[in-house]
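Everything below concerns the one structure shown next.
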Amino acid sequence: MNPYALSTLLSSLAVGTITTLSSSHWFLAWVGLEINTLAMTPLMTKTHHPRSTESATKYFLTQAAASALILFSTIMNAWTTGEWTIITMNDNSSTFMLTVALAIKLGIAPFHLWLPDVMQGLNLTTCLILATWQKLAPMSLMIMINHQLNTNLLITMAVLSAVIGGWGGLNQTQIRKMMAYSSIAHLGWMTLVLSFSPNLTTLNLMIYLMLTSSMFLMMTTLNSTNINKLSTSWLKAPLLASSMMITLMALGGLPPTSGFLPKWLILQEMTKQHLGAVSTLMAMSALLSLFFYLRLSYAISLTTAPNTSNSNMTWRMTHTQMQTLPMMITLTTMMLPITPTLLAMLN
C-alpha cells in the first residue's frame, strides 16, 4: 500500500478513537466510530486477495448495522429524555438497543459470528489492529454508561462469550481464528464485571491489550499463521518460541503471569456479589480456553518439525517488531507483583 495512503488511514483510526474517547455527546461519539470503521475497511483489503475482500465486506456490513442501531437508540433516548449527553441514557429500550449495538461492534457473544471469519482473511498486522485498537472506542462507551446498563443482560452475554470463546477455539488449526475466539472469551470477562466494578474492566482491557499485542507481534516475527508453521518456530528463534509459550500461559490465566491478575480479581468481585454459580461457570469456561493455549504451547515447545531448516539463521536477522517485543513480553509475565499499585491507580 502507498505509504501516504497508509499514514492517512492510520491517522484516521487514531482520530476516530480519540474523538469517541473524548466526546460527551452521542452524535460525536457515533462520528468517531464511523471514522474508525471507514479507515479500517481499506486496511483490510490491502492484500488484494478474495479472502481479504470477503473479510472487509463482512466487517463493513456488520459495523454499519451496529452504527445504525447506535444512532437509532440515541435518537430514541434524545426523543424521550431531551438529552444527548452520553451519561444520560435513561430510556430502557434505548439502553437495551445500545448494549446490543456495542456488543456487535466488539464481537461479544451471541453477536460474535463475524469476528473469527473476518480475522481469518486478514494479515497479522491488520488482525492486531482489529483485536486491540478497535476494541477501545466501543468498550470506553460501555464503561462510561456502565451504571445504566442491564446487569442481567451483561451477565448472560459474558457467560455466553466465555463458553463460546473456549469451545470455539478447541477444534481450530488456524492461529488467527484461535486468537479471535480468545478475544471473545476475554471480552466476556470484561463484560461480566462491568456493572459491579468498571475499574476492573479497565484493568482487564489493559492487560488483554498487552497480551494480545505481544502474541500478534511474535506471530508476525515468526511468520506463523497455523499450528504446522508454529511447530518450526523453535528452529527459527528459540528464545522467541519460549517467550510465546509463556505469553500463551498468560492468555490462559495461569499464575504467576499477568493474565492471572484480572481473572483472580474478577472472580473475587463476583463472589462478593454472591454470584457463586456464575463464578464457577466462568472459571470452568476458562479451562476450555486454557486447553487450546496448552495445545499451541505443546506445538511450539515440545514438538520438533520432521524436516531440518535449510534457511540461514533467521533469528540473527533484524526485525522491526523486535524493538517493542522485550517490553511487551516483560509486561505479559511480570505484572502480578505490582497488583496493589495497579489497584491503587485505578481507584
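The values are calculated or read from the model by the stated rules, or taken from the named source; none is laboratory data. Everything quoted here is computed from the prediction, not taken from an experiment. Here Cβ is always computed from backbone atoms with ideal geometry, including for glycine, and neighbour counts include all displayed protein chains. To get the accessible areas, we keep the full protein, side chains included, count just its heavy atoms, and leave off ligands, DNA and RNA. Shrake-Rupley method; radii C 1.70, N 1.55, O 1.52, S 1.80 Å.
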Checklist entry - If you go through segment 212-230 one residue at a time, do you hit one that is charged (D, E, K, R) and farther than 20 Å from residue 169 by Cβ? => result no
Next on the checklist: within 17 Å of residue 187 (Cβ to Cβ) and open to solvent by less than 20 Å² (accessible area, probe 1.4 Å): is that true of residue 115 in this structure?
Outcome noted: yes
Checklist entry - Does segment 115-132 include one or more residues that are among the charged types (D, E, K, R), part of a helix (DSSP H, G or I) and under 14 Å from the mean Cα position of the chain (by Cα)? => result no
Checklist entry - Does residue 195 fit the bill of being surrounded by 23 or more Cβ atoms within 10 Å (Cβ to Cβ) and not in a helix (DSSP H, G or I)? => result no
Checklist entry - residue 171 passes all but one of (1) in the same structural domain as residue 57 (by the TED database); (2) surrounded by fewer than 24 Cβ atoms within 10 Å (Cβ to Cβ); (3) farther than 22 Å from residue 56 by Cα; which number fails? => result (1)
Next on the checklist: When you scan segment 295-317, do you find a residue that is at pLDDT below 80, among the β-branched types (Val, Ile, Thr) and either under 25 Å from the mean Cα position of the chain (by Cα) or closer than 22 Å to residue 202 by Cα (or both), even just one?
Outcome noted: no
Checklist entry - Would you say residue 80 is touching a residue at least 12 places away in the same chain (Cβ under 8 Å) and either assigned by the TED database to the domain that holds residue 190 or more than 19 Å from residue 22 (Cα to Cα) (or both)? => result yes
Checklist entry - Across segment 54-86, which residue is surrounded by the most Cβ atoms within 10 Å (Cβ to Cβ) among those that are at negative phi and not in a helix (DSSP H, G or I)? => result 86
Item to check | Lone qualifier among 108, 143, 155 - being within 30 Å of residue 84 (Cβ to Cβ), in contact (Cβ under 8 Å) with a residue 24 or more places away in the chain, of a type in the set (Val, Ile, Thr) and not in a helix (DSSP H, G or I) | outcome: 108
Checklist entry - Can you tell me which residue in segment 235-249 is nearest to residue 295 (Cα to Cα), limited to those that are under 22 Å from the mean Cα position of the chain (by Cα) and not aliphatic (A, V, I, L, M)? => result 247
